[in-house]
Amino acid sequence: MPSLTLVEAHERSASLSVSSYRVHLDLTVGDKTFRSRTSIEFRSSDRRDTFVDVQPEIMRSAELNGEPLDVGRLADGRLPLTGLGDVNTLVVDADMAYSHDGEGLHRAVDPEDGRAYVYAMTFLSAAPRIFACFDQPDLKAAFDISVKVPPEWTVLGNTRATQRVAGEWILDVTKPLSTYFVTLVAGPYHSITSTHDGIALGLHCRQSLARHLEADSDELFHLTGQCFDEYHRLFGIRYPFGDYHPAFVPEFNTGAMENPGCVTFSDEYVFKAQATQSTRASRAYVVAHEMAHMWFGDLVTMRWWDDLWLNESFATYMGYRVTSEVTSFRDIWTDFAFVEKAWGLAADQRSSTHPIAGNGARDTAQALTDFDGISYSKGSGVLRQLQAYLGDEAFLRGVVTHLHRHSFGNATLSDLLQSWQQATDKNVTAWAQDWLRTAGVDTLRCCVGSDGAVFVERANGSGEDVSRAHAFTATWYRDDETSVSTPVELHDSRTPVDLPYDGTGLLLPDSADETWAKVALDPTSASRAPRFLRSIEDPLSRAVIWRALRDGLYDATVSPGDYLAALEQSLVGESDLAVEKTLGSASGGAIGLIGVYFSPADDRRRLAAVAAEILSRSAPESNRQLIAARALVAASDDEQMLRSWLDGATPPGLRADDDLRWRITRALCEHGAYGLSDLKAEQERDPSSQGARHALRCRAAIPDRDVKAQVWDDITSNESLSNTELDALCEYFFRPGQDEVTGAFVPRYFTEIPATASLRTGAVVASVARLAYPRFAVSPETLRLSSRCLDDPSLPELARRSISDRTDDLRQAVASREKFGPTGRGR
């Protein structure tokens with residue numbers, strides 16, 4: 001199906017203006033399809049032929065200004081419209097298919113109780129799978145929605161929903177919305193209500209999670225109130241969309257979606273298992289991020305997807321800022337340093353890197369690939385630089401001007417820059433050119449001249465000659481555990497630093513993590529880093545060092561052996577957050593690199609030993625104990641210990657809840673100690689939807705040829721699997737140390753996974769290609785297969801981006817092995 005192009009969108013918006021949509025959905029006709037009737041009022045300035053977007057299962061009828069249209073002309077999701085008047089009414093009646101991929105109107109059945117739940121995800125080309133529309137962000141209109149559902153169901157949407165009679169609901173007419181913000185949540189949801197500052201609040205989840213949402217409702221309502229108060233203070237504009245009803249929905253593709261009035265969250269944020277403090281902080285940030293969108297994104301919306309960053313960078317920056325300043329999660333910027341910034345830095349060094357703004361986005365398919373670490377993480381990091389450059393007062397004054405000037409409309413980067421320029425005498429245009437319209441990340445390093453003077457050197461990370469200005473702090477950490485810091489402004493390739501350095505200790509540029517740049521440690525500083533990680537008090541500065549060491553690992557300037565030694569020497573005394581993010585688990589951190597940079601045998605045991613030592617020193621029932629226990633389960637190959645924990649012989653204070661039991665079960669499956677019968681017994685013990693996904697991960701991890709073949713068939717040909725089921729199978733199919741069993745599937749990946757685009761659409765195509773990539777097959781041959789695949793012009797765009805990014809990551813691992821040998825200790 002063709003994607004809407006930028007040219008087509010500009011032509012249509014120049015010709016049309018949309019007044020209103022009246023949408024009626026009947027969700028009572030079956031479990032495969034629903035009835036959709038849409039009436040669109042719109043004007044045409046030039047009566048030029050155009051088209052409406054609609055993707056029905058069955059097209060029943062369409063009328064334009066009372067005259068029937070030939071529905072047989074519907075092709076590739078576009079129904080041609082000819083003979084327009086100045087004022088027009090289009091009515092489209094169709095049967096639509098429920099989806100199982102997290103887009104359109106998604107229908108999920110909870111295996112725990114058999115209840116069905118639906119929710120609408122209209123983002124990026126998905127709205128026409130629910131109702132006929134002119135699907136582009138700059139054709140905003142009011143929506144008048146009604147819906148018929150089973151009588152026991154609850155209905156939520158962008159505005160207040162009222163049940164007229166049993167099963168028949170109407171929603172208040174909305175403010176002007178882009179089509180990709182329209183949502184509907186319906187089903188036997190459990191609801192909790194409250195109010196804050198005159199705003200009606202609600203929290204909603206499926207019935208099987210009700211008690212878990214109830215347990216966290218006070219925390220969530222309190223967070224929501226804190227964020228509303230701070231955004232009202234910062235923006236001077238009250239929340240503009242009436243009620244606020246976050247809904248935690250099943251099988252969601254992303255963390256959350258900023259639908260005005262009814263944000264949809266993944267119900268993974270309803271914590272059924274024990275949650276670490278970092279996990280709770282991440283949820284708080286996501287709450288703040290989505291609420292920021294109510295102003296930046298929803299009230300004022302980008303005109304086209306090449307200004308995606310106007311939504312996501314701003315919401316990311318404000319989410320972290322507000323979470324750190326008004327909630328109890330004050331160290332969230334340290335979490336940003338470990339996770340969010342690392343994500344963005346990785347994206348900015350790949351061949352797929354792109355400018356923050358003006359990234360092209362020639363069509364919606366390309367736009368979807370740019371929802372990445374640059375649009376979110378780098379953009380937010382650059383906004384921190386701008387806030388420091390302009391000063392907070394001018395920064396916010398420009399934002400408020402922009403929000404007032406374009407309320408309920410659309411805007412571009414130029415519009416925002418104009419508002420900032422009016423708030424300051426500094427050159428915002430030049431700043432934007434250097435930071436927003438160029439790609440790549442600079443590298444900063446402290447150097448010492450022959451005269452003993454310290455200077456900071458900047459290596460340009462762009463493919464063009466760019467001299468970005470950086471403002472940051474440089475620190476000399478001395479051997480006596482004191483430190484000296486100084487502010488630095490760098491405009492050229494190097495600048496002197498006023499530090500009385502005597503050749504000892506550790507020099508660290510950007511020690512407060514203030515600019516967007518990589519930090520490279522010279523060999524002497526890298527060798528001294530483990531000692532200073534044990535003495536530096538500031539957790540943010542330590543996070544900068546940990547990230548510099550990890551970047552060195554990826555760049556093959558730090559050997560895997562040296563990185564492991566730093567973990568062994570310094571991680572035991574680190575903060576809970578640093579332990580969780582640095583040591584990690586089966587899918588992240590150092591443990592997630594087993595089989596890539598670290599060996600599945602000796603290095604796994606070394607990482608397990610680090611986790612075991614931290615666990616032995618952790619207080620019973622503490623956050624740290626839970627972090628260390630999860631890490632030990634992921635790293636250990638001690639089957640006897642893992643089995644004993646399942647049997648209840650856990651360390652004192654450690655509770656083996658469903659989540660921990662499944663982690664242990666997956667580890668035993670991966671090591672070949674558990675089979676399908678063991679898995680079946682565990683799933684019978686936990687029949688929940690979470691248990692079902694855990695069981696799929698476990699099945700995919702079993703190193704048995706027949707099981708692997710069955711899983712591969714499901715990944716490549718089973719159209720009935722939902723998005724989350726596919727993710728579970730793909731993530732754990734290739735595992736470290738299973739080369740003998742999975743080796744034959746490596747070449748098959750490069751032909752069979754791209755072909756799944758004929759079975760699936762949207763984000764699922766990208767996630768399957770990303771998660772199923774054979775990243776543990778670290779060899780030049782895998783790189784050759786990847787390159788050949790990427791050379792194929794028929795490779796689907798969404799799969800291409802995932803494969804390209806994974807190939808860049810693999811290329812780094814191959815380079816490390818070529819330099820340091822298969823053991824990572826040097827040749």
**Prompt:** Which value, in Å², gives the accessible area per residue of region 607-667 when a 1.4 Å probe is used on the protein heavy atoms?
**Reply:** 40 Å²
**Item:** Per-pair calculated FRET efficiency, R0 = 56 Å: residue 67 and residue 619 via Cβ, rounded to 0.05
**Value:** 0.15
**Item:** Zone of residue 8's modelled label, taken as backbone nitrogen in region 75-102 under 12 Å from a point 7 Å along Cα→Cβ
**Value:** 75-80
**Asked** Toward the positive end of the charge dipole of the chain, about the Cα centre and with charges on Cβ (Lys, Arg +1; Asp, Glu -1), which of 694, 482, 277 goes farthest?
**Response** 694
**Complete:** Restricting to aspartates and glutamates and to Cα separations under 14 Å from residue 272, and discarding same-chain partners fewer than 8 apart, the set is 112, 214, 216, 657, 658, 659, 686
**Unit charges on C-beta of K, R, D, E only; dipole of region 467-520, Debye** = 280 debye
**Item:** Set of lysines near residue 819 by C-alpha distance (under 23 Å), chain-local residues within fewer than 8 positions excluded
**Value:** 518
**Fill in**
A 1.4 Å probe over the protein heavy atoms gives region 602-733 a carbon and sulfur accessible-area percentage of 43 percent
**Prompt:** When the helices in the chain are scored as -39500 (n - 2.57) per DSSP H run of 4 or longer and the sum is shared across all residues, what 222 nm value do you end up with, to the nearest 500 deg cm²/dmol?
**Reply:** -12500 deg cm²/dmol
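Placing unit charges on C-beta atoms (Lys and Arg positive, Asp and Glu negative, everything else neutral), compute the dipole magnitude of the chain about its Cα centre in debye, rounded to 20.
480 debye
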**Request:** Using Cα centres only, tell me the gap between region 208-229 and region 735-750 in whole Å.
**Result:** 44 Å
**Asked** So, with a 1.4 angstrom probe, what is the percent of accessible area on region 355-505 that is carbon and sulfur?
**Response** 45 percent
**Complete:** For region 686-827, shape from the Cα gyration tensor axes a ≥ b ≥ c, cut at a/c of 1.5 then a/b versus b/c, turns out oblate
**Fill in**
The lysines whose Cα lies under 25 Å from the Cα of residue 708, excluding any fewer than 8 residues away in the same chain, are 680
**Asked** Taking R0 as 22 Å, what's the FRET efficiency between residue 191 and residue 219 from their Cβ-Cβ distance, rounded to 0.05?
**Response** 0.80
**Request:** May I ask for the percentage of alpha-carbon pairs in region 1-145 that lie more than 23 Å from each other?
**Result:** 34 percent
**Å² per residue, accessible surface of region 403-555 at 1.4 Å** = 42 Å²
**Request:** Normalising by the residue count of the chain, find the relative contact order in percent from Cα pairs under 8 Å and 6+ residues apart.
**Result:** 8 percent
**Asked** Measuring with a 1.4 Å probe in the full set of protein chains, what accessible area per residue, in whole Å², belongs to region 290-334?
**Response** 18 Å²
**Message:** Suppose every Lys and Arg Cβ carries +1 and every Asp and Glu Cβ carries -1, with no other charges. What dipole size does region 127-180 come out with about its Cα centre, to the nearest 20 debye?
**Reply:** 40 debye
**Prompt:** Among bridges DSSP assigns within the chain, what percent are antiparallel (round to 5)?
**Reply:** 80 percent
**Message:** Whole angstrom only: what separates the Cα centroid of region 276-328 from the Cα centroid of region 133-190?
**Reply:** 24 Å
**Fill in**
Of the accessible area of region 27-110, computed with a 1.4 Å probe and all protein chains kept, carbon and sulfur make up a percent value of 42 percent
**Cut-off 17 Å (backbone N to label point 7 Å along Cα→Cβ of residue 254), residues of region 764-778** = 764-768
**Request:** Starting from the Cα-Cα distance between residue 504 and residue 823, subtract it from 0.36 nm times their residue separation and give me the gain in nm to one decimal.
**Result:** 111.7 nm
**Asked** Given the pairs 378/426; 140/378; 341/581, which are separated by over 20 angstrom at their Cα positions?
**Response** 378/426; 140/378
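The values are calculated or read from the model by the stated rules, or taken from the named source; none is laboratory data. Note that this is a predicted model, so its numbers are computed, not measured. Every residue, glycine among them, receives a Cβ derived from its backbone with ideal geometry; neighbour counts consider all protein chains shown. Just so you know, the surface numbers come from the protein's heavy atoms only, side chains and all, with ligands and any DNA or RNA stripped out. Shrake-Rupley method; radii C 1.70, N 1.55, O 1.52, S 1.80 Å.
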